[in-house]
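Asks: Below is one structure. I have some questions about it.
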Amino acid sequence: MQFIPTDHPHRRFNPLTGDWVLVSPHRTKRPWQGQVERLPGDDRPAYDPKCYLCPGNERAGGARNPNYQETFVFTNDFAALLADSPTGPQQVAPLMQAEAVVGTSRVICFSPRHDLTLPLMSRPDIRYVVDVWAEQVTELGANYRWVQVFENKGEAMGASNPHPHGQVWASSFLPTLPAREDERQRAYYAAHGRPLLLDYVEEELRAQERLIAVNGEWAALVPYWATWPFEAMLLPRRHVPRLPDLDEAQRDGLADIVKRLTMRFDNLFETSFPYSMGWHGAPTGDLAGEDTRPWQLHAHYYPPLLRSATVRKFMVGYEMLGEAQRDITPEQAAARLREQSERHYREG
Ligand code: H2U
Ligand code: ZN
């Protein structure tokens with residue numbers, strides 16, 4: 001019997017993390033006729049007097065937001081990391097280690113409009129968000145080893161407020177997942193003399209089958225090793241280690257690809273598509289000494305939905321104890337996203 005990746009169980013390797021994912025495509029042999037359940041409309045006012053993030057409103061901590069016009073950044077009133085806490089190693093027992101950390105956490109309101117999300121914002125307004133992401137990495141990266149820019153979107157992902165917003169957490173330490181990517185990209189560079197993700201995006205542009213959308217500077221694709229059903233990555237087509245290193249063309253291109261990817265996500269199940277997304281780039285804090293050549297900037301999108309606006313995938317059972325598993329192949333997921341229109345379903 002010959003191995004056919006669209007029919008037969010197999011595992012795929014994630015070169016960025018060293019993890020494997022089990023792919024079980026035979027389980028999708030039944031034709032895709034999953035109903036597209038519609039949720040009740042997501043109609044929100046442009047301004048909500050009770051929203052903590054709307055311009056001019058008072059936040060939970062008591063501070064008042066300015067009447068901001070584009071994007072607005074403030075220090076999280078309930079920050080997970082604190083700038084002025086004690087440092088130093090802590091050894092409780094040989095098998096119980098701790099280390100003190102410092103950092104800060106900020107909230108980025110993407111737009112003064114309570115009713116918008118990134119796919120519904122204009123490219124110039126998304127470009128403001130891109131510039132703020134980059135500024136935050138420059139500013140916080142001067143002092144902190146890692147600056148994690150991310151967005152948690154939708155109730156399904158635990159977002160506490162529908163007002164379009166993201167977060168930035170900066171820390172004195174390199175967190176677990178970026179540390180693994182750092183190690184693996186450096187090892188690849190040492191062996192091949194090229195950034196891993198630059199080789200990867202070139203391979204994907206040749207293969208085409210996992211591409212979702214492409215422009216002159218960026219590719220949006222379902223990675224070969226995706227674990228979430230509609231997981232995606234944004235990859236620059238030229239080498240660029242960090243968000244602040246993006247030039248004008250790459251920033252405009254990023255605003256375009258963000259809009260097109262998130263619009264396709266929304267159209268897939270005709271719902272405001274929930275996800276957690278975030279940026280990974282070369283570590284910061286030691287800007288002068290860091291060898292950034294192995295690092296290629298990229299964004300990960302992890303959406304939880306599987307079959308409709310209300311049917312999500314759970315990473316449970318075998319996945320908590322063995323390894324991640326998926327049924328629909330990354331190629332099938334990419335094809336479904338490629339089929340979607342770039343006109344938002346809410347805009348008719
Ligand atoms: P999430 O929706 O991803 O939870 O992000 C909202 C963040 O906003 C959350 O971390 C903060 C919460 O602590 N926040 C404030 O800092 N002030 C407020 O008045 C409300 C929410
Ligand atoms: Zn609001």
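The values are calculated or read from the model by the stated rules, or taken from the named source; none is laboratory data. Note that this is a predicted model, so its numbers are computed, not measured. A quick note on method: Cβ atoms are made from the backbone with ideal geometry, for glycine too, and the neighbour counts reach across all protein chains shown.
Asks: Taking the residues in the range 257-282 that are under 21 Å from Gly158 (Cα atoms) and charged (D, E, K, R) as candidates, determine which candidate is modelled with the lowest pLDDT.
Replies: Here the answer is Glu270.
Asks: Just give me the residues in the range 179-201 being within 29 Å of Glu248 (Cβ to Cβ), touching a residue at least 12 places away in the same chain (Cβ under 8 Å) and not aromatic (Phe, Trp, Tyr), in sequence order.
Replies: Glu181, Asp182, Gln185, Pro195, Leu196, Leu197, Leu198, Val201, listed by residue number.
Asks: Hey, Tyr52 hits all of (1) surrounded by 18 or more Cβ atoms within 10 Å (Cβ to Cβ); (2) within 21 Å of the chain's Cα centre (by Cα) but one; which does it fall short on?
Replies: (2)
Asks: Can you find a residue that is closer than 29 Å to Asn267 by Cα, assigned to a loop (DSSP other than H, G, I, E, B) and at pLDDT 85 or above anywhere in the range 25-33? Write out each step before concluding.
Replies: Filtering the range 25-33 down to residues closer than 29 Å to Asn267 by Cα leaves 25-33.
Of the ones still in play, those that are also assigned to a loop (DSSP other than H, G, I, E, B) are 29-33.
Next cut, at pLDDT 85 or above only: none.
No, every residue in the range 25-33 fails to be closer than 29 Å to Asn267 by Cα, assigned to a loop (DSSP other than H, G, I, E, B) and at pLDDT 85 or above.
Asks: Just a yes or no: is a residue in the range 100-116 aliphatic (A, V, I, L, M), at pLDDT 90 or above, within 16 Å of ligand 1 (Cβ to nearest atom) and out of contact with any helix residue (DSSP H, G or I) (no Cβ under 7 Å at 6 or more places or on another chain)?
Replies: So far as the range 100-116 goes, yes, one or more of its residues are aliphatic (A, V, I, L, M), at pLDDT 90 or above, within 16 Å of ligand 1 (Cβ to nearest atom) and out of contact with any helix residue (DSSP H, G or I) (no Cβ under 7 Å at 6 or more places or on another chain).
Asks: Run down Gly253, Gly285, Gly289 and say which single residue is at negative phi and at pLDDT below 95.
Replies: So the residue among Gly253, Gly285, Gly289 that is at negative phi and at pLDDT below 95 is Gly289.
Asks: Please go through the range 109-126 and pick out each residue that is farther than 24 Å from Asn57 by Cβ and surrounded by fewer than 21 Cβ atoms within 10 Å (Cβ to Cβ).
Replies: Passing the criteria: Arg123, Pro124.
Asks: Just checking, which of Glu290, Glu331 is without any contact (Cβ under 8 Å) to a residue 40 or more places away in the chain and under 30 Å from Arg186 (Cα atoms)? It would help to see each step written out before you state the result.
Replies: Working: Glu331 fails: without any contact (Cβ under 8 Å) to a residue 40 or more places away in the chain.
Unique residue meeting the criteria: Glu290.
Asks: Do we have Val137 as under 26 Å from Cys51 (Cα atoms), under 17 Å from the mean Cα position of the chain (by Cα) and buried (at least 20 other Cβ atoms within 10 Å of the Cβ) here?
Replies: Answer is no for this residue.
Asks: Related question: Tell me, please, whether a residue that is among the hydroxyl-bearing types (Ser, Thr, Tyr) and farther than 21 Å from Arg260 by Cα can be found in the range 215-229. If you could, list the steps in order and put the result at the bottom.
Replies: Residues of the range 215-229 among the hydroxyl-bearing types (Ser, Thr, Tyr): 224, 227.
So of that shortlist, the ones also farther than 21 Å from Arg260 by Cα come out as 227.
The answer is yes, given that some residue of the range 215-229 is among the hydroxyl-bearing types (Ser, Thr, Tyr) and farther than 21 Å from Arg260 by Cα.
Asks: Starting from the range 57-77, take each residue that is free of Cβ contacts under 8 Å to residues at least 60 places away in the same chain and list its partners that are of a type in the set (Val, Ile, Thr) and within 13 Å of ligand 2 (Cβ to nearest atom), counting only C-beta distances under 9 angstrom and pairs at least six apart or across chains.
Replies: Phe72/Val107; Phe74/Val107; Thr75/Val107; Asp77/Val107
Asks: Which residues, counting only those in the range 90-119, are within 16 Å of ligand 2 (Cβ to nearest atom) and more than 18 Å from the chain's Cα centre (by Cα)?
Replies: Result: Ser111, Pro112, Arg113, His114, Asp115, Leu116.
Asks: May I ask you to verify whether Gln97 is without any contact (Cβ under 8 Å) to a residue 24 or more places away in the chain and over 27 Å from His280 (Cβ atoms)?
Replies: no
Asks: Using the structure shown, decide if Thr75 is β-branched (Val, Ile, Thr), touching a strand residue (DSSP E or B) at 6+ places or on another chain (Cβ under 9 Å) and near ligand 1 (Cβ under 9 Å from one of its atoms).
Replies: Spelling it out, Thr75 is indeed β-branched (Val, Ile, Thr), touching a strand residue (DSSP E or B) at 6+ places or on another chain (Cβ under 9 Å) and near ligand 1 (Cβ under 9 Å from one of its atoms).
Asks: Ok, one more. Residues in the range 43-69 that are among the charged types (D, E, K, R), assigned to a loop (DSSP other than H, G, I, E, B), more than 9 Å from ligand 1 (Cβ to nearest atom) and touching an Asp or Glu at 6+ places or on another chain (Cβ under 7 Å): how many?
Replies: Going through the range 43-69 one residue at a time, the tally reaches 1.
Asks: Could I ask something else about it? Please name all residue pairs, on different chains or six or more residues apart, with Cβ atoms under 8 Å, provided the first residue is in the range 129-154 and is more than 19 Å from Thr87 (Cβ to Cβ) and the second residue is of a type in the set (D, E, K, R) and in a strand (DSSP E or B).
Replies: As it stands, the answer is Gln136/Arg106, since those pairs meet every condition given.
Asks: Continuing with this model, one more query. Identify, please: which residue in the range 269-303 is over 26 Å from Trp146 (Cα atoms) and under 18 Å from the mean Cα position of the chain (by Cα) and is, among those, surrounded by the fewest Cβ atoms within 10 Å (Cβ to Cβ)?
Replies: Among them, the one singled out is Ser272.
Asks: Next question, about the same structure. So which residues in the range 140-153 are in a strand (DSSP E or B), away from ligand 2 (no atom under 16 Å from the Cβ) and not aromatic (Phe, Trp, Tyr), if there are any at all?
Replies: Val147, Gln148, Val149
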